[in-house]
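Trainee: Pasting a structure below so you can have a look.
Read-outs: derived from the displayed coordinates by stated rules, not from any lab. Computed from a predicted structure; not experimentally measured. Cβ sites come from the backbone with ideal geometry, for glycine too, and all protein chains shown count toward neighbours.
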């Protein structure tokens, strides 16, 4: 299956799943497209991946950890681009349930065929990584939709423990005044989405 | 001696295939141009997913623009043509949907069946809100088809039909006065009864089957005796299929007449050739249709220069503007009843529409195979949000 067809299969499945799960009272979190930034907008995630892979900012490899993965959208895009294994770590049990059900549908439909693992836990702590069967220090790419406090802790751990070349991708809306606090990691690339509503900063150790 | 490498022919288009709807710099023309070059060069070009996302947005917006104009423009055009400039009393809207009847293994039990619905003389309130569909046009198609399947579930089931797969639809506007005069509306127990199934065979190609029954197509003599002038309108629901056919065509796109202009279209079918020439001439220059101003971009006048097979028609591409709507492109087709009969209904005619679809050369087939192999057909469906409408026939209780 062509990558593009796979990506649109993912988008469609998430759309169906969202409606189904929300009717059962299981939340997906905010998804407004009225100008506010949220972590799960395809029109932001997909252009970033296209740009990053095309320009060799990231290479299809792994392991990848989506730290604070919510309903897991980025993990499926990582999978479509050939990254593996991809680990989702999320605190909220409700969001984990939504992610598991949607990703399960994608796997059974043959749209996602890689190794996506979803665990409930705190991405700043080793227990979550152990549950996923991946050592913190083996992770090549960390992906994070910005939440300042835990991000700072995660970045400090990367700075101290991860090998050279480990990358941290932070998704948010940034400017000169507000930018992620990543405890001394080096900003290597900046990407602003075509609608100018979201930024992806790629840091390296 | 070095042999020169084979250079594939890639058409040098001066206009983009969707150039009447989207500027050259926007995502849709960019993607279509990439696809066209790739299938002529025989080498797949990867289409960017973010461009497809952008294109989906553009196309959805354009569809809404066309959709928003259709009811009012059609109403005013009907008044102009069928009401001699005044509001027509009792202008009836007949809605025709083409569908395939599918059996238990999804085999086509009966293809291209026309399902008629009489929307009455005041259908315009149905045109409010698309309610989750991509257009009001699709909403009406879905609702009317579902209603038909519900009403005729038993009979459909008896024919072994398990699903009804919807293909296209269009609106036809006819005067009640003409329907009475021509015997399609008859008074039964002092109530007007419309013979809808027979009427359909005079409006469009029934393929010999209307709704639930075999229906003979009229002969030319019968047709010319009973047919009445009408107008029609539709939003092309299969525009992505036409785009797919066009991008693999050999001839390059040089002007407004070569590219797609009938996403939203109206048709005027008057009684005689003289009437057709009159209306064709009326819309040949810039004019107004009530509050709509029309600016003519291109005219194909096949009345002055008929096609080699004899077909006569006016195809006018117009930019229409009004204070209440976004400007948009519409195609206006004008042809007299006999031309309509021979192009749409009469299978023996040299220009019966069904004949053209069958012809396809080897090189065209090769390019079609490449479209499939490169998965461009699927990408076009994604861009145009070509969702399939299919309704199950409920089993008997």
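Trainee: Taking neighbour Cβ counts within 10 Å as the exposure measure, how do B:302, B:250 sort from fewest upward?
Mentor: Least to most surrounded, the residues fall as B:250, B:302.
Trainee: Helix B:273-282: angle to the longest alpha-carbon principal axis of chain B, degrees 0 to 90, nearest 10?
Mentor: 60
Trainee: Other chains near B:41-51: what is the mean number of their Cβ atoms within 10 Å of each residue's Cβ?
Mentor: 4
Trainee: Another question, if that's okay. Cα centroid distance between the range A:58-96 and the range B:274-318, in Å?
Mentor: Using only Cα atoms, the two centres lie 58 Å from each other.
Trainee: May I ask for the angle, rounded to the nearest 10°, between helix B:27-41 and the longest principal axis of chain B, with both axes built from Cα atoms and the value confined to 0 to 90°?
Mentor: Rounded to the nearest ten degrees, it is 70.
Trainee: Report, to the nearest 10°, how far helix A:93-108 tilts away from the longest principal axis of the Cα atoms in chain A, using its own Cα long axis and a range of 0 to 90°.
Mentor: That works out to roughly 70 degrees.
Trainee: For a quick size check, give me the Cα extents of the range A:49-200 along its three principal axes, largest first, whole Å.
Mentor: 44, 35, 28
Trainee: Normalise the Cα radius of gyration of the range B:1-135 by 2.2 N^0.38 Å (N = residues in it) and let me know the number.
Mentor: 1.59
Trainee: Ok, one more. Enter the mean number of other protein chain beta carbons within 10 Å of the beta carbon of each residue in A:41-47, as an integer.
Mentor: 3
Trainee: To continue, here is another question. Does the range A:5-132 come out rounded, prolate or oblate by the C-alpha gyration tensor, with a ≥ b ≥ c the root eigenvalues, rounded set by a/c under 1.5 and, if not, prolate when a/b is larger than b/c and oblate if not?
Mentor: It is rounded, given that a/c, with a ≥ b ≥ c, falls under 1.5.
Trainee: Would you look at the GNM of chain B, springs on alpha carbons closer than 10 Å, and say which of B:205, B:192, B:336 moves the most?
Mentor: Top of the fluctuation ranking is B:192.
Trainee: Given the options B:168, B:97, B:304, state which has the largest fluctuation in a GNM of chain B using a 10 Å cut-off (strictly under) for Cα springs.
Mentor: Sorting by GNM fluctuation, first place goes to B:304.
Trainee: Please compute, for peptide A:2-14, the average count of beta-carbon atoms on other protein chains lying within 10 Å of each residue's beta-carbon.
Mentor: Rounded to a whole number, the mean comes out at 4.
Trainee: Counting only DSSP beta bridges with both residues in chain B, tell me the antiparallel percent, nearest 5.
Mentor: Once the DSSP bridges in chain B are tallied, antiparallel ones form about 90 percent.
Trainee: Can you give the convex hull volume of the alpha carbon atoms of the protein assembly as shown per residue, in Å³?
Mentor: 212
Trainee: Still on this structure: Apply the Debye scattering formula to chain B, with a single equal point scatterer on each alpha-carbon and no solvent, then give log10 I(q)/I(0) at q = 0.13 Å⁻¹.
Mentor: Values returned for q = 0.13 Å⁻¹ are -1.24.
Trainee: Can you sort B:381, B:366 from fewest to most other Cβ atoms within 10 Å of each residue's own Cβ?
Mentor: By the 10 Å Cβ count, ascending, the order reads B:366, B:381.
Trainee: Same structure again: Can you give me the pair-distance distribution of the range B:249-359, C-alpha pairs, 5 Å bins, whole percents?
Mentor: 2, 12, 18, 22, 20, 13, 8, 3, 1, 0
Trainee: Provide B:144, A:73 in ascending order of the number of other Cβ atoms located within 10 Å of each residue's Cβ, fewest first.
Mentor: By the 10 Å Cβ count, ascending: B:144, A:73.
Trainee: With a ≥ b ≥ c taken as the square roots of the eigenvalues of the C-alpha gyration tensor of the range B:89-223, please select rounded if a/c is under 1.5 and otherwise prolate if a/b is larger than b/c or oblate if it is not?
Mentor: Cα axes put the range B:89-223 in the oblate bin.
Trainee: Another question about this same structure. Compute the orientation-averaged projected area for the range B:239-291 from the convex hull of its Cα atoms and round it to one decimal in nm².
Mentor: Averaged projected area of the range B:239-291's Cα convex hull equals 5.6 nm².
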